[in-house]
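A short worksheet on the structure shown next.
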Amino acid sequence: LAQEVVMQRVSRVADQTMARPSVGSIRGSLREILAKPIIVRPASVFDPLSCRMAASQGFSAIQLAGSVAANVVLGAPDLMLLSVSEFADLCRRLTRGCDLPLIVDADHGYGNALVAARCVEELEAAGVAALTIEDTLLPARYGSTGGNIQGSAGGFEFTTLEEHVGKLRSAIAARREGILIFARTSSFTPGTDASLADVCERLRAYSAVPGLDGVHVLGKFKPESLEKIQEAAGGLPIMISGAQGISDEDLAKHGVRLALSPHTPFLASQQAALEAFKASAAGGMAPPVIQSEDLASFLGVKQYQEAQKEYLKIEKPATGMK
């Protein structure tokens, strides 16, 4: 029965390659999620197929990390090498891949307040449902500890509170089609010099910006810190990273609506590819791979074959798989 349910979901996902709901309705579904006193854990995705696989497993939202985007597009670490146009192009491929609302890490908006406005325009046009803009000082400045980069153990540096408020105001003013904007702070991350009081001061300033849809906080949380964060958020929905060990009930009680997960699917895919290459190079047995019928379902082969018959008059359409 479980397998039957999964395949029914796969079929519905594949049908999306031909008929799509409006971007507005997809963003509306995320607003509905935020309005409910429950925790949603978006799936971490990296390409159209991973989006469809997440949908087939019943996820109600998906997320794209800036680090994953840099790894996928450039094969490089997250050093602010990726441009906003390259990031938007990847987002566009993901939103085409399925109908789940996509939440993306837009780093620091890719620049100052004016560049952040352009970032919002690009990601809104790409069909993104929500984005976060962080107050981390990026890219890492000359002579800094380097904690703002992927894989670094150094401490973070942050923009001034006033600068980030201005950036959020600019981003919100650039919005035209209902994309959700979250203010993100990493100031609660272990290794920073900020206290909980400092974090809450930032959150109070950000949550007071008219039109902001929520706040995103990174760190290691305890129930007592969540109480302070909830108060500082001023009633806005809270998205968190790093809430391991706290029950969904406790999170929801403190205003948390989205809890982001590690980017295991991307990392697992790279490990699987590495193992396959190792086996091939050694002339050994290939590791297990996805079944061709499952892949065909995620690719929407049946739907494309029907379109070939209807529009190209091809009686025996090819699968498009070799």
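Within region 255-273, restricting attention to residues that are touching a strand residue (DSSP E or B) at 6+ places or on another chain (Cβ under 8 Å) and of a type in the set (S, T, N, Q), which residue is modelled with the highest pLDDT?
Filtering first and then ranking leaves T264.
Sort out which residues of region 14-32 are part of a helix (DSSP H, G or I), open to solvent by less than 50 Å² (accessible area, probe 1.4 Å) and modelled with pLDDT under 95, and write them in order of number.
Within region 14-32, A14 is the sole residue that qualifies.
Scan region 155-214 for residues that are open to solvent by 10 Å² or more (accessible area, probe 1.4 Å) and in contact with a His (Cβ under 6 Å, 6 or more places away or on another chain) and jot them down.
R184
Considering only residues that are under 23 Å from S50 (Cα atoms) and among the aliphatic types (A, V, I, L, M), look in region 234-264 and name the one that is most open to solvent (accessible area, probe 1.4 Å).
Only one residue fits best here, namely L260.
Taking region 276-294, which residues are part of a loop (DSSP other than H, G, I, E, B) and farther than 16 Å from L49 by Cβ? Talk me through it step by step, then tell me what you get.
If we filter region 276-294 for residues that are part of a loop (DSSP other than H, G, I, E, B), which is where we start, we get 283-291.
Selection gives G283, G284, M285, A286, P287, P288.
Among the listed residues A276, A232, which satisfies the condition of being out of contact with any His (no Cβ under 8 Å at 6 or more places or on another chain), modelled with pLDDT of 90 or more and over 22 Å from V199 (Cβ atoms)?
None of the others qualify; the one that does is A276.
Please go through region 225-269 and give me each residue that is farther than 19 Å from P42 by Cα and either polar (S, T, N, Q) or in contact with an Asp or Glu (Cβ under 9 Å, 6 or more places away or on another chain) (or both), ordered by number.
Once the filter is applied, which keeps residues that are farther than 19 Å from P42 by Cα and either polar (S, T, N, Q) or in contact with an Asp or Glu (Cβ under 9 Å, 6 or more places away or on another chain) (or both), region 225-269 yields S225, L226, Q230, A232.
Answer yes or no as to whether V165 is in a helix (DSSP H, G or I), more than 26 Å from V45 (Cα to Cα) and either at pLDDT 95 or above or in contact with a strand residue (DSSP E or B) (Cβ under 6 Å, 6 or more places away or on another chain) (or both).
The answer is yes for V165.
Could you grab me the full set of residues in region 33-71 that are in a helix (DSSP H, G or I) and either in contact with a strand residue (DSSP E or B) (Cβ under 9 Å, 6 or more places away or on another chain) or surrounded by fewer than 16 Cβ atoms within 10 Å (Cβ to Cβ) (or both)?
From region 33-71, those in a helix (DSSP H, G or I) are 33-35, 48-56, 66-71; that's our starting set.
Of everything in region 33-71, those that are in a helix (DSSP H, G or I) and either in contact with a strand residue (DSSP E or B) (Cβ under 9 Å, 6 or more places away or on another chain) or surrounded by fewer than 16 Cβ atoms within 10 Å (Cβ to Cβ) (or both) turn out to be I33, L34, A35, S50, C51, M53, A54, A55, G66, S67, V68, A69.
Can you tell me which residues in region 77-94 are out of contact with any Pro (no Cβ under 9 Å at 6 or more places or on another chain) and open to solvent by 20 Å² or more (accessible area, probe 1.4 Å)?
Selection gives P77, D78, S83, S85, E86, D89, R92.
Taking interchain pairs and intrachain pairs at least six residues apart, which have beta carbon atoms under 9 angstrom, with the first residue in region 223-248 and within 10 Å of C200 (Cα to Cα) and in a loop (DSSP other than H, G, I, E, B) and the second of a type outside the set (V, I, T) and open to solvent by 20 Å² or more (accessible area, probe 1.4 Å)?
Once the first residue is within 10 Å of C200 (Cα to Cα) and in a loop (DSSP other than H, G, I, E, B) and sits in region 223-248, its partners that are of a type outside the set (V, I, T) and open to solvent by 20 Å² or more (accessible area, probe 1.4 Å) give A233/R204; A233/S207.
Would you check which residues across region 295-317 are open to solvent by 40 Å² or more (accessible area, probe 1.4 Å) and under 15 Å from P48 (Cα atoms) and list them?
L295, L299
Pairs only if they're at least six apart or on different chains, beta carbon under 8 angstrom, first in region 48-70 and free of Cβ contacts under 8 Å to residues at least 12 places away in the same chain and closer than 16 Å to V128 by Cα, second among the basic types (K, R) and outside any helix (DSSP H, G or I); list them, first residue then second.
none
The values are calculated or read from the model by the stated rules, or taken from the named source; none is laboratory data. On a predicted model such as this, the values are computed, not experimentally measured, just so you know. Please note: Cβ atoms are built from the backbone with ideal geometry, for glycine as well, and neighbour counts cover all protein chains shown. These area figures cover heavy atoms from the full protein model, side chains too; ligands, DNA and RNA do not enter into them. Shrake-Rupley method; radii C 1.70, N 1.55, O 1.52, S 1.80 Å.
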